[in-house]
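Quick notes on the structure that follows.
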Amino acid sequence: MKIGKIIIIFILVALAAFIGYRANQNIQAKKKAASQPAAETIVPVEAVRPGTMEIAEKVHAVGGIQSDSEVSIFSKVGGKIANNLVKMGSAVKPGQIVSIVNRDEVGYDYKPYEVKSDAKGVVARIILNPGASVNPSSPILNLIDIDQVKVVVAVDEKKIRFIGMGQGARVTLEAYPGEVFNARVTNISPVANPVNRTIDVELGIPNPDHRIKPGMYVEVEWVISKRAATVVPLGAVVDRGGRKYVFLVQAGLAKMTPVTVGAVVGDVIEILSGLAGDEQVVTSGAGQLNDKDKIKVIEPKTVEE
């Protein structure tokens with residue numbers, strides 16, 4: 001019985017010694033690992049040198065086309081329309097006969113009355129057709145002058161100070177994508193719209209071929225200034241705490257540098273201050289960097305102008 005107890009005690013002591021040995025080994029291994037220097041993390045990045053481009057400050061407005069003038073043609077006598085000598089789209093000259101009216105007063109025999117135009121233009125609408133009764137207060141047709149048309153647009157009151165009489169503008173129409181028409185300011189309303197705070201501006205466009213039609217939708221653009229600007233890709237600028245920064249490549253480190261930004265043009269952004277213009281600015285991965293992170297530039301580039 002004593003021998004059995006001795007054996008059990010021996011086994012327990014041996015097991016305790018083994019556990020202690022293994023625990024000591026683990027402690028030593030952890031100490032050795034802690035004493036080793038941590039693996040260096042170097043972040044691969046892409047970088048560019050800032051570019052320069054011309055940035056134009058513009059005023060935009062939208063509106064529609066109107067005829068330069070519009071008149072209605074009347075008969076000076078009562079009767080019935082016998083015949084219209086023009087149709088919609090016909091060009092009319094002053095003094096041209098446009099309609100024939102038969103007077104229908106009982107007991108009188110009148111010659112057909114010739115209705116003549118007192119203006120030039122294009123027939124926009126035939127109002128009375130043959131057989132219809134007519135009197136001096138009934139318009140027979142509408143005539144519009146579109147050799148030159150008016151563009152009427154609403155300009156934001158905050159921008160109206162940049163617009164002046166005779167000032168040139170670029171006009172584009174949905175009807176003719178890709179084409180640009182030149183126009184000049186001919187009139188500026190003396191009052192503002194109290195609802196949307198805009199001011200009507202009229203511009204004239206020569207229209208000798210009558211391609212531009214009243215009622216068409218237009219966009220107008222005025223270039224009010226141009227300036228040379230330093231630009232970097234949009235992805236190079238990061239926001240930290242409400243401020244804008246870029247990361248510069250400096251001796252293998254990322255240097256977080258505050259900048260002031262301006263206009264965004266396509267996929268680049270204007271830098272108003274903070275850069276000299278010859279630095280390497282991190283683009284890809286800038287959002288994940290911190291100040292003084294170790295970096296390696298893959299392919300330095302320059303922003304294309």
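The values are calculated or read from the model by the stated rules, or taken from the named source; none is laboratory data. Computed from a prediction, not measured in an experiment: that's the story for all the values here. Heads up, the Cβs are rebuilt from the backbone with ideal geometry, glycines too, and the neighbour counts pull from every protein chain shown.
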Next item on the list: Any residue in the range 218-239 that's surrounded by 20 or more Cβ atoms within 10 Å (Cβ to Cβ): show its pairings with residues that are in a helix (DSSP H, G or I) at Cβ separation under 7 Å, as long as the two are six or more apart or on different chains.
Entry: Trp222/Phe162; Ala236/Ala286
Next item on the list: Check Ile127 against each of (1) surrounded by 17 or more Cβ atoms within 10 Å (Cβ to Cβ); (2) hydrophobic (A, V, I, L, M, F, W, C); (3) farther than 12 Å from Val201 by Cα and name the one condition it does not meet.
Entry: (1)
Notebook entry, point to check: Just checking, which of Val106, Val115 is out of contact with any strand residue (DSSP E or B) (no Cβ under 9 Å at 6 or more places or on another chain), among the β-branched types (Val, Ile, Thr) and over 20 Å from Gly64 (Cα atoms)?
Noted result: Val106
Check: With respect to Lys32, is the statement that it is loosely packed, with under 10 Cβ neighbours inside 10 Å and either part of a strand (DSSP E or B) or modelled with pLDDT under 90 (or both) true?
Finding: yes
Next item on the list: Of the numbered conditions (1) modelled with pLDDT of 95 or more; (2) assigned to a strand (DSSP E or B), Val86 fails exactly one; give the number of that condition.
Entry: (2)
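So that you can scan it fast, the table gives a plain yes or no per residue for (1) among the acidic types (Asp, Glu); (2) under 24 Å from Ser67 (Cβ atoms):
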position	(1), (2)
Gly121	no, yes
Gly131	no, no
Ile146	no, yes
Glu157	yes, no
Gly166	no, yes
Note to self: Among the numbered criteria (1) over 15 Å from Leu141 (Cα atoms); (2) buried (at least 16 other Cβ atoms within 10 Å of the Cβ); (3) in contact (Cβ under 8 Å) with a residue 24 or more places away in the chain, which one does Pro112 miss?
What the structure shows: (2)
Notebook entry, point to check: Does at least one position in the range 254-272 carry a residue that is assigned to a loop (DSSP other than H, G, I, E, B) and over 23 Å from Glu57 (Cβ atoms)?
Noted result: no
Note to self: With the structure loaded, tell me whether Tyr110 is assigned to a loop (DSSP other than H, G, I, E, B) and more than 25 Å from the chain's Cα centre (by Cα) or whether it fails that test.
What the structure shows: yes
Checklist line | In the range 133-176, the residues that are over 17 Å from Val62 (Cα atoms) and either of a type in the set (A, V, I, L, M, F, W, C) or in contact with a His (Cβ under 9 Å, 6 or more places away or on another chain) (or both) | finding: Val134, Ile140, Leu141, Leu143, Ile144, Ile146, Asp147, Met165
Next item on the list: For the range 157-199, enumerate the residues that are surrounded by 14 or more Cβ atoms within 10 Å (Cβ to Cβ) and aliphatic (A, V, I, L, M).
Entry: Ile160, Ile163, Ala169, Val171, Leu173, Ala183, Val185, Ile188, Ala192, Ile199
Checklist line | Among the candidates Leu289, Leu234, Leu272, residue that is modelled with pLDDT of 90 or more, over 30 Å from Arg161 (Cα atoms) and aliphatic (A, V, I, L, M) | finding: Leu234
